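Worksheet: the structure to be examined is printed underneath.
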Amino acid sequence: MTPFMLFVLLWFMIPVNYSFTVTSRDGVGEKDPTNLSEDELRGMKVNVIDTVLHLSATDEIPLFIQDCGEVGFYRVQVSQTLSGFVLHTISLGRKRKVNVKYVCIKPSENIVTPWLGQK
Amino acid sequence: MARTKIASFDNWKNYHDHEQGPVTQMMSTELSDDIMMNTLDKYKDAAAEIQGLLKAAHDSGERFRAFGAAWSLSSIPYQKDRMHFNAAMNLRWAIRDNWYDANTAYAGSQLCLFQCGNTIKEVSALLKRLGKSLPTTGESNGQTIAGAISTGVHGSSIDQGGVQDSVVGLNLITGPNPEDVVYVERASKPGLSDEFSQFIGARLIRDDEIFNAALVGLGAFGFIHGVVVKTVDMFYLQRYTKPMDREEALQLAETLDFSNINLIEEHGYGTRPYFLVLYINPYRKGGEEFVAEMMFKVPKPGHGEVVRKPIPRVKKFRFKELTTLLSWYASQINVGLPSLLSLLQQGIFPKEENDGEVGTVAEHFWDSSYQGKVLAVSFGLDQKDIRKAIGILTDLMRTEGPIPALAGIRFVKGGDATLGFTRFEQTCIMEFAGVPWEESNHIIAQNDFIQELHNRLKAANIPFTHHWGKMSHWAADGLVDYMYGERLERWKSARYKLIKPGYREVFTSEYLDMLGLSGPPAKGEVDVDPIA
C-alpha cells in the first residue's frame, strides 16, 4: 500500500472514532466519589456495557436490558471505535462491538408524598 | 438499616481535579432500603448510622469530615483520616403548617426540610412540584445543600443573600448520644415548634450566636444532617446581555441605582433587574471591556406561548485540555495569551445569542459538566469599595500578568452568618476566573499574584473576605484575622458551646488548622459554658 493509499484509508477511518451522550434534563445522576475519571462522567456511578454481539442475518436490533430502578437512566454515552468499525466490516455485519456507558438516576424517596407526616 | 461503604485513596482529588492528598477511609452512607420503613424512620436511622461513624472516628483518635459534591476549589472538603460522602442521603419534605412554632417568623407553606445530600437540583425538583423556588442558587446546581451553605454559595441576585441566607434551621449531629442530635434555629426568628424537633429526633436549640456561627460552619459544627429552608413562590426570569462602558458599569456597581439607566428597552427605563453580573476583560485593546448579564422578573409564560428556554437541546463542550495547554504555552513564551483569552472569554462571558431566554432559577442555573482544572478566586467587598478594588485588580492583572483569567463583579445582599463571606451589608463580589497557571519567567506565581492583591487591598484600607470554596493564598499570614476580626472569637466560642470536648477534634481538619480556626477561643475553653 502506498503512503497515499494509507492516508486515504486513514482519512476515511479516523472519523469512525466518536461518541455522543444523551442526558436527562431534570434527573440527577447517581454519584460515586471514587470515580475520578477526567471526562463528563466524573463523580458519577458509571455502568459499562462493553461486549461483542454475534448476530445472525435474522436478528433484529439488539436490546440490552439493564437494572436502573424505576426512574431510569440519567446519562447514556455511546462510543463507536475504529476497531469496532473494522470488526463489523470484516464480519459482514455479524459481529457488532458495543461500548456503552450509562449512569442511573439517583435513587430518591418522597416521590409520591412530599409532605412530612402529620402530628 | 442505613449502611456505609468504605474505600481509601492514595491521592484524592476534588471535582475540579485539584490534588488534595491521601484518605484513609472514604465513607459513603446509603439510606435503608427496607420498604417497610417510612421515610422519617429512614431519616432517624441515617442519623443513628452517622452517630456510630462519629463515635468510631472519636474512639480511633481520627478526624471526620463530611462533604458533598466536592466542587470546592479550596481544601475545605478534605481531611486525610475519614471523609464522608453524603450524596446518597437525599430525603426531602415540605413541612405542613401545623409544625410551625406559634411565634414563627415565617408564612405557611414556605418551609422545607432537606437531608444533607440533596443537590441544589434535587432541592429545586421538590420545590417545582410545590410551585416554589429557592430565591437564589450558585451558577450551577450540583452542590449539595449542606455543602452549599457551609461554604457560602451565592448567586448574583442583587436583593437576595447567598443560599445560606435562606436557611431557617439546622439539624446537626455533634456526637454519639441522643442529646447530640440537635435542631438549631435563631431565637430572634423562630420557625418550627419544639414538637417538630422531637418528631425528627432532635433537641431544639434557639440561639442566634450558635445558629449564625453554624450557618457557615466550615464543617466544624458537627455533621449537618438536615437543613430547613425558606422558599419563595416560583418566578420567571428573562435574561439579557449589554456591553457597557467602564464608567457606566462602575457607577452601577457602586450604587445599584437603576433609576437613570435604560438597561434593556423592553423592560423600560429604570427597571431594577433581579440578577446582575458585570464581566470584565482588562486586556482588550483600546481599554477594558465590560459586559453586563442581567435577568428581569417576568410573568410566567402563558399556556402555548413560545419562549426561548435557557436549557439547550444540545450542549457542546470544548476540549478541556485546550485552555490548560494554551495557559502553559502562554506562560512559557508569553505570546499565546490573546488566543487563550479569546477562548476564555467565549467560555466565561455571557453570549448575546442567548438574550431573551425565559426560565425559572433552576432552569437558568442548570447543570454544568467537568471542565478540567479551573481557577476561580472570589473576594467579598463592601459596595463602597468596589471601584477602587476593581481598579487594583485590573491594574495588577495587566502589570503583573497578563494572567490567564478574566474578571467579574457580582452582587449579594449581606447575611447574618458569622463567617459568611458575604458579610457586608451590600456585598460586591470581585472575582477572577480562568485556568490555573505555573510560575515562569513571563508570569508571576499564582499565590504571589494573590498575595500582592491582598497587599494592595490592605494598603488601600479595603476590608475584604474570600469565598471559602474558591481559591486563594489561604496560607497567607493573618489572612483570616484580617477578613473577620472579632467575628472569629464569636465563631470559636459558639463552636465550643455546641461541640463537646473530644468531638471538637473530630470536626476539624488540616485546612481549619492552617487558618487557625480549629483552636479554642481566646477566653479559653474552660470559660465557655456548653449550651444547655
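The values are calculated or read from the model by the stated rules, or taken from the named source; none is laboratory data. Computed from a predicted model, the values in this text were never measured in an experiment. Cβ coordinates were reconstructed from backbone atoms using ideal geometry, including for glycine residues, and neighbour counts include every protein chain displayed.
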### B:Gly152 outside the structural domain of B:Ile429 (by TED's automatic domain parsing), under 19 Å from B:Val184 (Cα atoms) and either in contact with an Asp or Glu (Cβ under 8 Å, 6 or more places away or on another chain) or free of Cβ contacts under 8 Å to residues at least 60 places away in the same chain (or both)
no
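This table checks each residue for (1) touching a residue at least 24 places away in the same chain (Cβ under 8 Å); (2) within 14 Å of chain B (Cβ to nearest Cβ); (3) within 18 Å of the chain's Cα centre (by Cα).
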| site | (1), (2), (3) |
| --- | --- |
| A:Asn35 | no, yes, yes |
| A:Asn47 | yes, no, yes |
| A:Ser56 | yes, no, no |
| A:Gly69 | yes, yes, yes |
| A:Leu92 | no, no, no |
| A:Lys97 | yes, no, yes |
### Query
Is it true that some residue in the range B:127-144 is of a type in the set (D, E, K, R) and either on the phi > 0 side of the Ramachandran plot or free of Cβ contacts under 8 Å to residues at least 24 places away in the same chain (or both)?
yes
### Query
Out of the range B:455-482, which residues are at negative phi and free of Cβ contacts under 8 Å to residues at least 40 places away in the same chain?
B:Asn455, B:Lys458, B:Ala459, B:His473, B:Ala475, B:Ala476, B:Asp477, B:Leu479, B:Val480, B:Asp481, B:Tyr482
### Complete set of residues in the range B:2-40 that are at pLDDT 95 or above and of a type in the set (Asp, Glu)
B:Glu30
### Task
Could you look through the range A:1-33, keep only residues that are β-branched (Val, Ile, Thr) and farther than 30 Å from A:Glu70 by Cβ, and pick out the one that is farthest from the other protein chains (Cβ to nearest Cβ)?
A:Thr2
#### Entry: Checking B:Met295 against (1) modelled with pLDDT of 95 or more; (2) part of a strand (DSSP E or B); (3) surrounded by fewer than 19 Cβ atoms within 10 Å (Cβ to Cβ), the condition it does not meet
(3)
### Exclusive hit being under 30 Å from B:Pro402 (Cβ atoms), modelled with pLDDT of 95 or more and not in a helix (DSSP H, G or I), set B:Leu278, B:Leu237
B:Leu278
### Message
Whether any residue in the range B:83-94 is of a type in the set (D, E, K, R), within 13 Å of another protein chain (Cβ to nearest Cβ), more than 29 Å from A:Trp115 (Cα to Cα) and buried (at least 20 other Cβ atoms within 10 Å of the Cβ) is what I want to check.
### Response
no
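Only one residue in B:Phe221, B:Phe258, B:Phe196 is assigned to a loop (DSSP other than H, G, I, E, B), surrounded by 15 or more Cβ atoms within 10 Å (Cβ to Cβ) and more than 25 Å from the chain's Cα centre (by Cα). Which one?
Exactly one of B:Phe221, B:Phe258, B:Phe196 is assigned to a loop (DSSP other than H, G, I, E, B), surrounded by 15 or more Cβ atoms within 10 Å (Cβ to Cβ) and more than 25 Å from the chain's Cα centre (by Cα), namely B:Phe258.
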### Task
Would you tally the residues in the range B:493-513 being within 21 Å of the chain's Cα centre (by Cα) and crowded, with 18+ Cβ neighbours inside 10 Å?
6
#### Entry: So B:Arg272, is it over 21 Å from B:Glu353 (Cβ atoms) and outside the structural domain of B:Gly131 (by TED's automatic domain parsing)
yes
### Query
Within the range B:1-27, restricting attention to residues that are in a loop (DSSP other than H, G, I, E, B) and more than 10 Å from every other protein chain (Cβ to nearest Cβ), which residue is farthest from A:Glu40 (Cα to Cα)?
B:Met1
### Task
Take the residues in the range B:350-398 that are assigned to a helix (DSSP H, G or I) and within 14 Å of chain A (Cβ to nearest Cβ), then tell me which one is surrounded by the fewest Cβ atoms within 10 Å (Cβ to Cβ).
B:Glu363
### Query
Among the numbered criteria (1) assigned to a loop (DSSP other than H, G, I, E, B); (2) out of contact with any Leu (no Cβ under 7 Å at 6 or more places or on another chain); (3) surrounded by 12 or more Cβ atoms within 10 Å (Cβ to Cβ), which single criterion is violated by A:Asp67?
(3)
### Task
Go through the residues of the range B:157-179 one by one and say whether even a single one is part of a strand (DSSP E or B) and either under 30 Å from B:Glu266 (Cβ atoms) or not assigned by TED's automatic domain parsing to the domain that holds B:Ala107 (or both).
yes
### Message
I want to confirm something. Restricting to the range B:114-128 and keeping residues that are facing chain A (nearest Cβ under 8 Å) and in contact with a Ser or Thr (Cβ under 8 Å, 6 or more places away or on another chain), which single residue is surrounded by the fewest Cβ atoms within 10 Å (Cβ to Cβ)?
### Response
B:Glu122
### Task
Would you be able to say whether some residue in the range B:496-519 is over 27 Å from B:Phe64 (Cα atoms), modelled with pLDDT of 95 or more and in a loop (DSSP other than H, G, I, E, B)?
no
### Query
Pairs, please: C-beta under 6 Å, at least 6 apart or cross-chain, first residue touching a residue at least 60 places away in the same chain (Cβ under 8 Å) and in the range B:382-396, second surrounded by fewer than 17 Cβ atoms within 10 Å (Cβ to Cβ) and not in a helix (DSSP H, G or I)?
B:Lys388/B:Ala460
